[in-house]
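The values are calculated or read from the model by the stated rules, or taken from the named source; none is laboratory data. Note that the coordinates shown come from a computational prediction; the quantities given were computed from them, not determined experimentally. Glycine gets a Cβ as well: all are built from the backbone with ideal geometry, and neighbour counts include every protein chain shown. Ligands, DNA and RNA are excluded from the accessible area calculation, which covers all protein heavy atoms including side chains. Shrake-Rupley method; radii C 1.70, N 1.55, O 1.52, S 1.80 Å.
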Amino acid sequence: MYNKAQVSSQIFTYILAAIIIGILFLVGYKAIVMILDFIRNAPLNELKLMVKGKVSQVAQSYGKIEKVELNIPDEFNQICFIDSLDSEGQHNINLPNNANIFIQDAVTQNVQTNVFLMKDGIYGEGSFYVKKLDIATDDYLCLENGDRLEVWLEGVGGSACLMVDQSESCD
């Protein structure tokens, strides 16, 4: 038979095993959540890196024109661009009257964002800032998310001008 010392020893072993298993489940759950979050944000991060890289690359070459295909995550139904901040950190642009109200607020408050990923008319966590970006028409451009969204970038001396059509002028 078992003596009292063996029973208390077994209880201690079971409690220690339960604590270790609980810790493993907690750590495993956090790791799985982190991996799923990384996978969920991968298309958005890819878009940000691609846009920033292309703008930076084209801005360095005056007169260079490059076609860029934007792969916007399906959760967003529109992408909007405005000119980058000026040297004083201000949005020195005039938005049209029909511009999205949330973008108008961002411009008024000089929010450091000039690429807005819109979901049902509201921009959110997917929006980001791209240095040296100018917009060819009206300092403001919104495009509906479609199967293939193509834009053109032209190097204009220290910045890149974004155009919907290669025939547009970047003055």
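Overview of values
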{"item": "Residues being of a type outside the set (Val, Ile, Thr), over 19 Å from the mean Cα position of the chain (by Cα) and in a loop (DSSP other than H, G, I, E, B) - total across region 93-111", "result": "7"}
{"item": "Answer residue from region 126-135, given it is of a type outside the set (Gly, Ala, Ser) and open to solvent by less than 30 Å² (accessible area, probe 1.4 Å) and is farthest from the chain's Cα centre (by Cα) among those", "result": "Ile135"}
{"item": "Residue check, Leu44 touching a Lys or Arg at 6+ places or on another chain (Cβ under 9 Å) and of a type in the set (A, V, I, L, M)", "result": "no"}
{"item": "Checking Ala99 against (1) over 20 Å from Lys54 (Cα atoms); (2) open to solvent by 70 Å² or more (accessible area, probe 1.4 Å), the condition it does not meet", "result": "(2)"}
{"item": "Verdict on Gly157 being touching a residue at least 12 places away in the same chain (Cβ under 8 Å), over 20 Å from Asn77 (Cβ atoms) and open to solvent by 20 Å² or more (accessible area, probe 1.4 Å)", "result": "yes"}
{"item": "Leading residue by the ranking (surrounded by the most Cβ atoms within 10 Å (Cβ to Cβ)) among those in region 102-125 that are under 23 Å from Asn41 (Cα atoms) and of a type in the set (Ser, Thr, Tyr)", "result": "Tyr123"}
{"item": "Among the candidates Ile82, Ile72, residue that is touching a helix residue (DSSP H, G or I) at 6+ places or on another chain (Cβ under 7 Å) and free of Cβ contacts under 8 Å to residues at least 60 places away in the same chain", "result": "Ile82"}
{"item": "Which listed residue, of Asn77, Asn41, is under 14 Å from Ser127 (Cα atoms) and modelled with pLDDT under 85", "result": "Asn41"}
{"item": "All positions within region 48-76 that are open to solvent by 60 Å² or more (accessible area, probe 1.4 Å) and in a loop (DSSP other than H, G, I, E, B)", "result": "Gln60, Tyr62, Lys64, Asn71, Asp74, Glu75"}
{"item": "Gln90, sole failed condition from (1) out of contact with any helix residue (DSSP H, G or I) (no Cβ under 8 Å at 6 or more places or on another chain); (2) part of a loop (DSSP other than H, G, I, E, B); (3) touching a residue at least 12 places away in the same chain (Cβ under 8 Å); (4) closer than 21 Å to Val164 by Cβ", "result": "(4)"}
{"item": "Residues satisfying the stated conditions in region 133-148, i.e. within 25 Å of Asn97 (Cα to Cα) and touching a residue at least 40 places away in the same chain (Cβ under 8 Å)", "result": "Leu133, Asp134, Ile135, Asp138, Asp139, Tyr140, Leu141, Cys142, Leu143, Glu144, Asn145"}
